[in-house]
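The values are calculated or read from the model by the stated rules, or taken from the named source; none is laboratory data. Note that the structure is predicted; figures quoted are calculated from it, not measured. We place every Cβ from the backbone using ideal geometry, glycine too, and count neighbours over all the protein chains shown. Just the protein is used for accessible areas: all its heavy atoms, side chains included, with ligands, DNA and RNA removed. Shrake-Rupley method; radii C 1.70, N 1.55, O 1.52, S 1.80 Å.
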Amino acid sequence: MDSNPSSAETAQKSIYVSSAVTNAAKILVVGHFAVGKTTLIGSLSEITPLRTEEKMTQASVHVDDLRGVTDKTTTTVALDFGRLTLSDDLVLYLFGTPGQQRFMQLWEDMARGALGALLLVDPARLEETFPVIDLVERYGLEYAIAVNCFDPAATYSEAEVREALDLLPDTPVVYCDAREQQSSAMALIALVRHLLERAA
Amino acid sequence: MTTPGEEAPVTSDFVRSYVITGGRDLPSSEELALHTLVTLAPGRTLPLGAGPEVRAIWELCAGGYLSVAEVAGHLGLPVGVARLLLTDLSEQGHLLRRAEPPRAQNVDRATLEKVLNGLQSLIG
Ligand SMILES: Nc1nc2c(ncn2[C@@H]2O[C@H](COP(=O)(O)OP(=O)(O)O)[C@@H](O)[C@H]2O)c(=O)[nH]1
Ligand SMILES: [Mg+2]
């Protein structure tokens, strides 16, 4: 084969960010377990989504111990993330973040410098979303709701979702299929439009 | 493609992390954000006595810019450990850093507009 080495090189996907990129943005993809965070990130990422772990040290006080001895235990939580080059000089990172209250350190780390959060919701398991909303609000993150349609037979109106989650009137609610790139992109677009309105 | 469970550990145990860091406390995200981009500065020499993890970071970062999170992900290191080793290298002048997020949580319109345009181009 008469292949030109330089074009073969460019055809080979590099793991690195293009050298012209000077700016990196971060959006969090949050929601309870198995709501579709990793799927949504995978549908948009230009790199194979990566996984890393963060170690949490948790202090736990034994209430039945009169001396009030504090134990430190270490837990591990995995985070998935993906990358999307959006212009010559800008990359977007999407970080999938689990919603458990106990991972405060992780949330601080995640929230730092984040533009906002896309909050995935399975309407059949709304009660699992409440702690996630609490966390997002505690960290002052602007968010949009993406309702993941797992069961096409079960339909929930936007009004029902809004009421159940007690959303502010201007919080966007979109329906998405996290497996579809276009659908995932549209959910993020709704979030970013909302962020722009808030930044105005 | 396998998708392990959310809380499945991907790498080392606590003891291994302890050995890599020398038992030092891990720096906070104030030091290096997860999406800060890093690369090896040109013309640097690997520090004498660098451990296997620092060597691996050195080789990986020689190739171009990657985020702190990507360095951790590619090398199978916990984020906190990767951040500590990258902070060391940065303090020793071995790293170039880009795209550091502002300290305050101020959202900048120009970036949001760029993000919006980029996403819109995906849906054609
Ligand atoms: N029908 C349907 N299934 C989905 C959707 N998003 C994710 N899934 C499936 O739900 C399961 C859990 O998704 P995952 O992304 O791992 O959830 P995570 O725990 O939030 O990261 C996987 O088997 C996905 O294929 C969706 O939009 N529609
Ligand atoms: Mg996941």
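I'd like the full set of residues that are touching a Phe, Trp or Tyr at 6+ places or on another chain (Cβ under 7 Å), at pLDDT 80 or above, within 16 Å of ligand 1 (Cβ to nearest atom) and not in a loop (DSSP other than H, G, I, E, B), limited to the stretch A:46-87.
Matches in the stretch A:46-87: A:Leu50, A:Leu79, A:Phe81.
Of the residues that make up the stretch B:84-94, is at least one facing chain A (nearest Cβ under 8 Å) and modelled with pLDDT under 95?
Checked against the condition, which is being facing chain A (nearest Cβ under 8 Å) and modelled with pLDDT under 95, the stretch B:84-94 yields no hits at all.
Please specify each residue of the stretch B:45-58 satisfying the condition of being under 17 Å from the mean Cα position of the chain (by Cα) and surrounded by 12 or more Cβ atoms within 10 Å (Cβ to Cβ).
B:Glu53, B:Val54, B:Arg55, B:Ala56, B:Ile57, B:Trp58 - these are the residues of the stretch B:45-58 that are under 17 Å from the mean Cα position of the chain (by Cα) and surrounded by 12 or more Cβ atoms within 10 Å (Cβ to Cβ).
Out of all the residues in the stretch A:89-125, which are open to solvent by 30 Å² or more (accessible area, probe 1.4 Å) and in a helix (DSSP H, G or I)?
Within the stretch A:89-125, A:Met104, A:Gln105, A:Glu108, A:Ala124, A:Arg125 meet the criteria.
Which residues, counting only those in the stretch A:33-45, are touching a Gly at 6+ places or on another chain (Cβ under 7 Å), open to solvent by 10 Å² or more (accessible area, probe 1.4 Å) and more than 7 Å from ligand 1 (Cβ to nearest atom)?
Within the stretch A:33-45, A:Gly42, A:Ser45 meet the criteria.
If B:Ser67 satisfies every condition in (1) of a type in the set (Ser, Thr, Tyr); (2) open to solvent by 10 Å² or more (accessible area, probe 1.4 Å); (3) within 9 Å of chain A (Cβ to nearest Cβ) but one, which is the exception?
(2)
Results for (1) at positive phi; (2) assigned to a strand (DSSP E or B), shown as yes or no for each residue.
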residue: B:Leu46; (1), (2): no, no
residue: B:Gly49; (1), (2): yes, no
residue: B:Leu84; (1), (2): no, no
residue: B:Ser90; (1), (2): no, no
residue: B:Leu96; (1), (2): no, yes
residue: B:Lys114; (1), (2): no, no
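For the stretch A:88-110: of the residues being within 22 Å of A:Arg198 (Cβ to Cβ) and facing chain B (nearest Cβ under 8 Å), which is farthest from ligand 2 (Cβ to nearest atom)?
A:Leu90
Taking A:Val174 as the residue in question, decide whether it is within 16 Å of ligand 1 (Cβ to nearest atom), open to solvent by less than 10 Å² (accessible area, probe 1.4 Å), of a type in the set (Val, Ile, Thr) and in contact (Cβ under 8 Å) with a residue 24 or more places away in the chain.
no
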